[in-house]
Amino acid sequence: MIARATASQFKAGAFEIIRIPYINSTVQIARILEDAANYTSVICHTIVGRELREALLEQAQRYNIPTIDIMGPMIDAVQHVSGFVPQLKPGLVHTLDQAYFKRVAAIEFAVKYDDGKNPDGILKADVVLVGVSRTSKTPLSMYLAHKELRVANVPMVPEVAPPKELFEIPTERIVGLIIDPAKLNNIRAERLRSMGLDPESCYADSTRIKVEVEYAKSIMHKLNCPIIDVSNKAIEETANKIMELICSKKQTNIFGVDYCSQI
């Protein structure tokens, strides 16, 4: 990001930014500097290990390549004011933490309880999404899972009664997703084409779609749940709206997590 911001300050020519992660040996550094010497280069780095930093500086001086140490001055300043001794171990920022495991568990939950596979998930979920097919229930579930929310989703089909579990949880945990029938018709027809199927099948029939949408709305009204029209919304926009609904209903106390801070 610093390299891109710096390059943006210059009008002349284009700059190629090459990112090389996971530097863990002096052999790598020697090879990288040898390649860099073939071009007009500047190297900015976040290497914290003493041996690797020294090797980088030595090779850079050999090839007369300017280097910018991004992490070094920050570490030295913090050490100076805090009195703490830095560990100088690479990769610590990526250490597995509690938030990571929560995200993984939420993603596994979303996969397990996707598309109404198991109604037991409704009772365990932080949020349950309901709607007809192709209203982005699955991608929304995965997006919210990365926010550490356990999400189940249930398709609304006129021939199939909604699971009884939907009526056994607080209505604030349910979010209905609706969409304009004409837009849904286009989405489904395109989906069928991409699968090599007839776009004129019942799945994309306009009359059938209207029946499905009206049926879904009737179930949502029975549940008395908040409803979001996803017709012209991106996944991120709909997800943020769901998060806002959680906060407005003060669900942080129910879920035990302050999701409002993640919006």
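The values are calculated or read from the model by the stated rules, or taken from the named source; none is laboratory data. All values reported here derive from a predicted model rather than from experimental measurement. Methodologically, a virtual Cβ is constructed for each residue, glycine included, from the backbone with ideal geometry; neighbour enumeration extends over all protein chains shown. Heavy atoms of the whole protein, side chains included, go into the accessibility calculation; ligands, DNA and RNA do not. Shrake-Rupley method; radii C 1.70, N 1.55, O 1.52, S 1.80 Å.
Couple of notes before you dig in:
- Neighbours by Cβ (under 8 Å, 6+ apart or cross-chain): first from segment 169-189, assigned by the TED database to the domain that holds residue 215; second open to solvent by 40 Å² or more (accessible area, probe 1.4 Å) and in a strand (DSSP E or B): 175/227; 176/227; 177/227; 178/227; 178/229; 179/229; 180/229
- Subset of segment 194-234 (residues that are open to solvent by 30 Å² or more (accessible area, probe 1.4 Å), outside any loop (DSSP other than H, G, I, E, B) and of a type outside the set (Ser, Thr, Tyr)): 202, 208, 210, 211, 214, 217, 221, 222, 227, 229
- Those residues of segment 48-75 which are open to solvent by 30 Å² or more (accessible area, probe 1.4 Å), within 20 Å of residue 17 (Cα to Cα) and of a type in the set (A, V, I, L, M, F, W, C), in sequence order: 57, 68, 70, 71
- Looking only at residues in segment 128-147 that are under 13 Å from the mean Cα position of the chain (by Cα) and not hydroxyl-bearing (Ser, Thr, Tyr), the one that is most open to solvent (accessible area, probe 1.4 Å) is 146.
- Summed over segment 23-47, the residues that are over 23 Å from residue 6 (Cβ atoms) and either open to solvent by 70 Å² or more (accessible area, probe 1.4 Å) or touching a Lys or Arg at 6+ places or on another chain (Cβ under 8 Å) (or both) give a count of 4.
- Number of the exception - residue 102 against (1) open to solvent by 100 Å² or more (accessible area, probe 1.4 Å); (2) in the same structural domain as residue 140 (by the TED database): (1)
- Comparison of 40, 46 shows that the only residue that is in the same structural domain as residue 90 (by the TED database), more than 19 Å from residue 75 (Cβ to Cβ) and among the polar types (S, T, N, Q) is 40.
- Count of residues meeting criterion [under 11 Å from residue 150 (Cβ atoms) and surrounded by fewer than 18 Cβ atoms within 10 Å (Cβ to Cβ)] in segment 112-122: 1
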